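Notes to accompany the following structure.
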Amino acid sequence: MEEEAGEEPRLGRSAPPKDFRFYHMDLYDSEDRLQIFPEENTRMRREVVQPEMTSEPRGAGEGRAQRDLQEEVDELVHLYGLEDDHELGDEFVDDNMPIIGVSEYPPYAMKRRDQAREQRDWRFGGEAVEAEDMGYGEWGPVGQCQDLREAYRYTHGRSSEEYECYVIPEEEDEEEAVDVFCVTCKIPVRAIEKDFEEHKEHEVIPLNKALENAKEEIHKNMYKLEKQIIEMENFASHLEEVFITVEENFGRQEQNFESHYNEILETLAQKYEEKIQTLGEKKKEKLEALYEQLVSCGENLDTCKELMETIEEVCHEEKVDFIKDAVAMADRLGKFLKTKTDVEISAQPDFEDQTLDFSDVEQLMGSINTMLAPSAPVINPQAPNSATGSSVRVCWSLYSDDTVESYQLSYRPVQDSSPGKDQAEFTMTVKETYCSVTNLVPNTQYEFWVTAQNRAGLSPSSERAVYLTAPSPPMIRSKEIRSCEEAAVICWESGSLNPVDSYTLELTQAEMPGASGVTESVVGIPTCEALVQLQPRQSYMIFVRALNVGGPSARSEPATVHTTGSYFHLDEDTCHPWLTISEDGFTVLRSERKTPAREPPPGKTRFTRCVAVMGNLIPFRGRHYWEVEVNERLDYTVGVAFEDVPKQEDLGANCLSWCMRHTFASSRHKYEFLHNGTTPDIRITVFPQKIGVLLDYENSRLSFFNVDTSQHLYTFSCQLHRFVHPCFSLEKPGRLKIHNGIPMPNHVTFY
Amino acid sequence: MALKQVSSNKCFGGLQKVFEHDSVELNCKMKFAVYLPPQAETGKCPAVYWLSGLTCTEQNFISKSGYHQAASEHGLVVIAPDTSPRGCSIKGEDESWDFGTGAGFYVDATEEPWKTNYRMYSYVTEELPQLINANFPVDPQRMSIFGHSMGGHGALICALKNPGKYKSVSAFAPICNPVLCPWGKKAFSGYLGTDQSKWKPYDATHLVKSYPGSQLDILIDQGKDDQFLSDGQLLPDNFIAACTEKKIPVVFRLQEGYDHSYYFISTFIADHIRHHAKYLNA
């Protein structure tokens, strides 16, 4: 740009087209975009607002127009009730159209001006549009888009003219090269002129610079305008969407009305036919009855006349004949007079009170202004993880054409066990298409169904969907947690009677309060026990959640795990009856009492011969360390054994156990390191008070240490293909104290 | 104190070297072996002194025990001196295998003609460590000592006579109570004179009785089929009894079927190296 601007001779000619280029006229020429220039927009708004205000006093009258619709219809129905229905139908539809039209377009116009006002007074808006007559107030249902475009083309045309006007002044006459720009007068002048005439005292700058300034200014404005154009384009497309939506909605409403009115008219016609037929039948029946009576009446009359004549004849007869006939006559007459002469009118001539029943029509009429009763809603299957232990979130959907005022959501627990016994049902009314149902029982199936309702009535019930509440939180069995430096076994109670899908274990390092512990999760645990790998010498908070289709339960109460040393429990099931385990679970006592007469019967779990108990070590192939406090005069055995070590044999007597045994006899200490019944010959000069035991699966070793002196006593090399457990035995009365959770001393790492 | 390198061989990533130097204590040229583990290239390492048994030179241990792998793993400098002064032309020094050359017994002789040269105790506890500390990348604060037979005796007395100087001590079939065994009686009367009270400061079992109780972890391996055990040369039971009484921690392992040879040593050498490493690398 700068380069071109520097070429002065061409400047005059080339400037206008160059500048034109910046306006992106192609944008404005596009008919597909409904652009509204800011100036146009504000002007329009002003124009619209004015009639709106003037129409304010007429508000009451306008508001009545809506009510008129209802009354008009009622009137028409009454008016045409006994007249020709078809005519009515046609007329009705025709009349209806403009009425709808009034309410259809105003929102559209309002949106363009001021969306916020739309809701408040759309009726006035409608009036306002008609009043302003801007060219789109009269748009019919067809071709309104074209009209809209024309309207925009109109505004657009005007704007581009304005821009042209703005540009033209720069297009100076080019006879003489102007080279400076008078800032004061805002016109370009020739350098020579500058020194005299009216520009003498004025500030001038080189024309190039002036040109650049002007261009820069223009560019800035261009940028703003472009932004505005984009905004307006977006706005216009939004308007189009609204336009279409409104059109669709009203179209649907039209159809709705049409079908309703047709239904009513059909009903009326049918009623008319029925009535006419009934009337005709009644008429015929009455006339027939009357005619019959008339006929029989005539017959009676004839008989009477004949009798009169006969009597008269008899009166003129001879005495003898008279007497004879008179007797016969008197008989006949007596008989005749005995027969009743019916002079009651069999059919009432007056018209019976015929009440016309229009209740069903009225109902139909009423439903025109409400809507159809909704169809059955569709209840959704349960969304994963949407439930809690006491609540589920039930969702359903309606058919888009339905208008629904509220839903009736019903549910009852699903119980397989007692189908005969009806479970209590619960029903609630909700406005939304979802509902969080609370106060439910955890991990329980509930059957849900929903009906929709509006003024017109109640929909059929939806299908029934089964939702499941999340389980209740499990309970960690803290006392049974086993751990070593690299792992822990956590077990818990389900907390739910029904089975759950799985459990999730969450762990947070508790050591660093500032670090706002990152929570790790172990998911998909099928049983109530899990082994988690951990970092050595840390403290962890452990939580467990139970999961089912409905979602996860709340967290269990936390349990704390320290991965310092190993932590195990003594297994009471293995405990020889002569041993007692202290309350804290870590002191093994063989009391001084006299030994019972006989040993317990051999078993697979419980030690029966050697007076021993087994610990329950975490099954993890790492390193484990624990310590045992002993008395140096005590006879004891400590070590490890497989779970299935023969319980009726001494520890170390077989190839399933590895042990250190101490015996004290005649003031001599004997230390044996027993496996398969053999021991190396090892003498120890300082008798340990506390024995450290290191079990190292990785290196297949079991080592014993004197804790107080750090002295290494012995190391077994043992093939541990399966997991072993600590074991402790007391060959004489006394006690052993087991120390868990002891950090592994450094020196043991050498073995 | 100039060192002369005699040999150098790469072994388990480190270097097995032999040096010769003029010993002040012993008044003769002495050879010693030193193993520099790979870790010695980058930093100071602990030093372990190995004292060999009767008739041995610095060569036996380095060529027969197979200690290199363990020393390399634990990063220990292992120093193996000779067992006596050599070439001192003392009358009778080569007459028997259990006295004189190759049988210095790690004592400082007080009797003529031995007292000028036979100062092995001072040599292994003073001169040699100073030489090593000055010439090799070792940490003077971390040293241990072990040995075999006569060297086991030497290791025990060095440790027991210098509480705290050695972090740990161990021995293979040590002569535990030399004042009561034929080897000890012969050597001590030769080097120290007939006054048996002067022998006791070089007797491990006696030293234990006066040991002040500084922490010392003693590991002893003993072959059960060791001929010298049954001959009453080693007498470990006396030492164990003394240690038990004084509560000095000993683990004594009587190894079934093993004899007095380097085969026995090589079987358990790794345990001993680890025993020292545990204290030196703690």
If you take all C-alpha pairs in the stretch A:198-353, what percent of them are over 21 Å apart?
79
Computed log₁₀ I(q)/I(0) - Debye formula, equal Cα scatterers, no solvent, the stretch A:545-591, q 0.18 Å⁻¹:
-0.74
Please express the Cα-Cα pair-distance distribution P(r) of the stretch B:65-134 as a list of whole percents, one per 5 Å bin, running from 0 to the bin with the greatest distance.
3, 15, 22, 18, 15, 12, 8, 5, 2
Based on the Kirkwood radius over alpha-carbon pairs, what is the Stokes-Einstein translational diffusion coefficient of the stretch B:9-167 at 10 °C with 1.306 mPa s viscosity, in µm²/s?
101
Shape descriptors of the stretch A:616-734 over alpha-carbon atoms, Rg and Dmax in angstrom, are 13.5, 42
Determine, for each peptide in A:254-264, A:445-455, the mean count of other beta carbons within 10 angstrom over its residues, then list the peptides with the highest first.
A:445-455, A:254-264
Bin by bin, in steps of 5 Å, what percent of the Cα pairs in the stretch A:467-591 do you find, going until the bin that has the longest distance?
2, 11, 19, 18, 15, 13, 10, 7, 3, 1, 0, 0
Counting other C-beta atoms within 10 Å, and keeping those with at most 16, which DSSP coil trypsin sites (Lys or Arg not before Pro) do you find in the stretch A:690-739?
A:Arg722
In order through the stretch B:263-269: 3J(HN,Hα) via Karplus (6.51 cos²θ - 1.76 cosθ + 1.60), integer Hz, x for Gly, Pro
4, 5, 4, 5, 5, 10, 4
Average partner chain C-beta neighbours within 10 Å, per residue of A:742-751?
3
Amide H neighbours of A:Lys732 at under 5 Å, excluding residues fewer than 5 places away on the same chain, with H built from the backbone geometry, are A:Asp635
Buried accessible area between A and B (1.4 Å probe, both chains summed, ligands and nucleic acids excluded), in Å² to the nearest 100?
1800
Counting pairwise Cα distances across chain B, what percent come out greater than 36 angstrom?
8
If you count, for each residue, the other Cβ atoms within 10 Å and average over each peptide, how do A:656-668, B:167-179 line up from highest to lowest?
B:167-179, A:656-668
Can you compute 3J(HN,Hα) from phi for each residue in the stretch A:449-460, using the Karplus curve 6.51 cos²θ - 1.76 cosθ + 1.60 with θ = phi - 60°, rounded to whole Hz and x for Gly and Pro?
8, 9, 10, 9, 8, 9, 4, 6, x, 10, 7, x
Residue separation times 0.36 nm, minus the C-alpha to C-alpha distance between A:Cys655 and A:Glu480: what's the value?
60.1 nm
Sorted by chain and number, the residues with a modelled amide H under 5 Å from that of B:Val78, at a separation of 5 or more or across chains, are B:Tyr35, B:Val48
In whole Hz, with x marking every Gly and Pro, tabulate ³J(HN,Hα) for the stretch B:212-220 from phi via Karplus 6.51 cos²θ - 1.76 cosθ + 1.60, θ = phi - 60°.
x, x, 4, 3, 8, 9, 10, 10, 10
Rounded to whole angstroms and listed largest first, the alpha-carbon spread of the stretch A:209-294 along its three principal axes comes to 123, 16, 7
Neighbouring partner chain Cβ atoms per residue of B:250-257, average, 10 Å criterion:
5
If the stretch B:196-282 were replaced by its equivalent ellipsoid, with semi-axes equal to the square roots of 5 times the Cα gyration tensor eigenvalues, what would those be, largest first, whole Å?
23, 20, 11
Based on the alpha-carbon gyration tensor of the stretch B:146-205, what equivalent-ellipsoid semi-axes (square roots of 5 times the eigenvalues) come out, in whole Å, largest first?
20, 13, 7
Averaged over all directions, how much area does the convex hull of the C-alpha atoms of the stretch A:269-314 cover when projected, in nm²?
2.5
Expected field for A:Tyr567, accessible surface area in Å² at 1.4 Å probe radius, rounded to 10, holds 90
Counting sequence-distant residues (5 or more places) and residues on other chains, those with an amide H built under 5 Å from that of A:Leu440 are A:Ser391
How big is Rg to Rh over the stretch A:616-668, alpha-carbon atoms, Rh as the Kirkwood inverse-mean-distance radius?
1.03
How crowded by other chains is A:709-719, given as the mean number of beta carbons from other chains within 10 Å of each beta carbon?
3
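The values are calculated or read from the model by the stated rules, or taken from the named source; none is laboratory data. Owing to the predicted nature of the structure, the values given are computational and were not obtained by experimental measurement. Glycine gets a Cβ as well: all are built from the backbone with ideal geometry, and neighbour counts include every protein chain shown. Just the protein is used for accessible areas: all its heavy atoms, side chains included, with ligands, DNA and RNA removed. Shrake-Rupley method; radii C 1.70, N 1.55, O 1.52, S 1.80 Å.
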